[in-house]
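First the structure, in the form of structure tokens, and then the observations on it.
What follows draws every value from the coordinates through simple rules; no lab data is involved. It should be emphasised that the depicted structure is a prediction, and the values quoted were computed from it without experimental measurement. A quick note on method: Cβ atoms are made from the backbone with ideal geometry, for glycine too, and the neighbour counts reach across all protein chains shown.
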Amino acid sequence: MLNVKNLTFSYHKTPILKELSFKVEKGENLAIIGESGSGKSTLLKLLYGEYDLNFGNIYWKDNEILGPKYNLVTGYDFMKYVAQEFELMPFISVEENIGKFLSNFFPKEKKERTQELLEVVELTAFAKTKVKTLSGGQKQRVALARALAKQPEIILLDEPFSHIDNFQRRSLRRNVFKYLKDKKITCLVATHDNNDVLGFADNMMILNNQKIEAYDTPKALFKDPKTPLIASFFGEFNIINNKIIYAHQLNVVEKSNLKAIVITSYFKGNYYLVEANLDGEKIFCYSPNNYKNDQIIFLNISN
Ligand code: ADP
Ligand code: MG
């Protein structure tokens with residue numbers, strides 16, 4: 001469906017992405033992961049045709065996505081892109097923004113569609129509110145709904161929940177990703193938040209040093225993180241005897257030959273994150289118990 005071959009791009013002389021090749025199937029959710037500056041936003045913009053590639057091709061089905069040199073008007077009907085910095089019409093209402101690109105020839109359909117999307121992004125109560133009076137998070141939700149209004153075949157989301165507070169993020173994320181799956185809309189989402197990935201992404205791509213460092217299911221990458229960068233995406237980890245050991249794999253036991261001295265414990269809700277010194281190295285483990293600073297603990301590695 002989406003077929004990217006040898007995509008290579010630089011801003012002026014600075015190379016950003018080098019020879020990326022990957023495919024995304026219809027209805028698939030692909031997460032694009034990487035540190036800040038790794039090129040996630042640039043990749044989405046290239047897929048949208050915002051810039052010309054130095055080398056390589058992008059196809060959606062039989063259409064080649066072309067940059068401004070070969071395509072005067074950026075954007076395609078089958079594809080929507082919600083940028084990190086989104087633009088809305090500030091002086092009209094939420095529902096007018098969402099319905100902006102829907103035809104007025106079908107007022108009933110337009111109304112129903114707008115209602116449906118207001119529910120997906122949980123803004124029904126704000127339908128008549130002028131966008132300029134909304135918070136950043138509410139605006140982000142309007143931008144999402146507007147991108148979905150004409151039901152694209154593929155949607156590119158850049159950090160789609162970054163402005164939305166913790167209270168609403170979880171349910172919004174579930175609504176939006178469920179909606180996309182139900183409608184079989186292919187979705188590429190750039191993020192650095194593992195909550196946007198776990199439970200939602202079919203596959204994930206990790207960008208690092210201009211390349212795809214890893215490309216697999218979240219489960220496979222979580223179970224066997226080949227590099228510290230991959231492990232760091234999933235949570236706190238240690239390197240013990242050259243192996244990556246997540247904090248949750250390191251348990252405090254009665255007695256073992258891994259003796260550590262507690263530095264600090266952090267309350268994390270249903271567990272404590274314990275920072276300790278193991279043979280001169282700082283390590284992290286999880287524990288149901290709180291330990292005092294300088295207390296001696298014994299550790300065991302589980303799978
Ligand atoms: P990410 O979204 O992963 O944080 P970006 O794609 O925004 O990364 O940026 C990748 C690199 O490209 C960064 O080093 C950034 O400074 C640079 N960059 C981004 N946009 C531009 C631009 N318009 N002109 C020049 N350099 C840019
Ligand atoms: Mg970005």
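Annotations
- Seen from every direction in turn and averaged, the convex hull around the alpha carbons of region 1-155 projects onto 10.6 nm².
- Measuring r between the beta carbons of Lys100 and Glu35 and using R0 = 30 Å, the FRET efficiency lands at 0.30.
- 18 Å reach of a label modelled at Thr217, 7 Å along Cα-to-Cβ, counting backbone N of region 23-40: 23-32
- Note on Ser302, Ser21, Ser10: ascending count of other Cβ atoms within 10 Å places them as Ser302, Ser21, Ser10, the fewest first.
- Crossing angle, helix 107-120 versus the chain [Cα axis fit, 0-90 degrees, rounded to tens]: 10 degrees
- Rounded FRET efficiency, nearest 0.05, which uses the C-beta distance separating Ile92 from Asn175 and R0 of 22 Å: 0.40
- Helix axis angle, 166-182 relative to the chain longest principal axis, alpha carbon, degrees: 60 degrees
- Antiparallel %, DSSP beta bridges [both residues in the chain], to 5: 70 percent
- The order of Asp279, Asp158, going from fewest to most other C-beta atoms within 10 Å of their C-beta, is Asp279, Asp158.
- Within the listed set Pro68, Pro160, Pro288, the Gaussian network model of the chain (springs between alpha-carbon atoms below 10 Å) gives the highest mean-square fluctuation for Pro288.
- Spin-label model distance (nm) - Glu109 vs Lys259, 7 Å beyond Cα toward Cβ: 7.6 nm
- Summing charges over neighbours of Tyr11, with a neighbour being any other residue whose Cβ is under 15 Å away from its Cβ, gives +2 when K and R count +1 and D and E count -1.
- For the pair Gln210 and Ile296, a Förster radius of 51 Å applied to the C-beta separation gives a FRET efficiency near 0.65, rounded to the nearest 0.05.
- Of Lys80/Lys178; Lys61/Lys211; Lys40/Lys80; Lys211/Lys282; Lys5/Lys211, those spanning more than 21 Å from alpha-carbon to alpha-carbon: Lys61/Lys211; Lys211/Lys282
- Rounded to whole numbers, the Karplus 3J(HN,Hα) couplings from phi for region 148-161 are 8, 3, 8, 6, x, 7, 9, 10, 10, 10, 9, 6, x, 10 Hz, using 6.51 cos²θ - 1.76 cosθ + 1.60 with θ = phi - 60°, and x at Gly and Pro.
- Additional length obtainable on full extension of the chain from Gln168 to Val73, 0.36 nm per residue less Cα span: 30.6 nm
- Considering only Asn175, Asn289, Asn238, the mean-square fluctuation computed in a Gaussian network model of the chain, springs between alpha carbons under 10 angstrom, is largest for Asn289.
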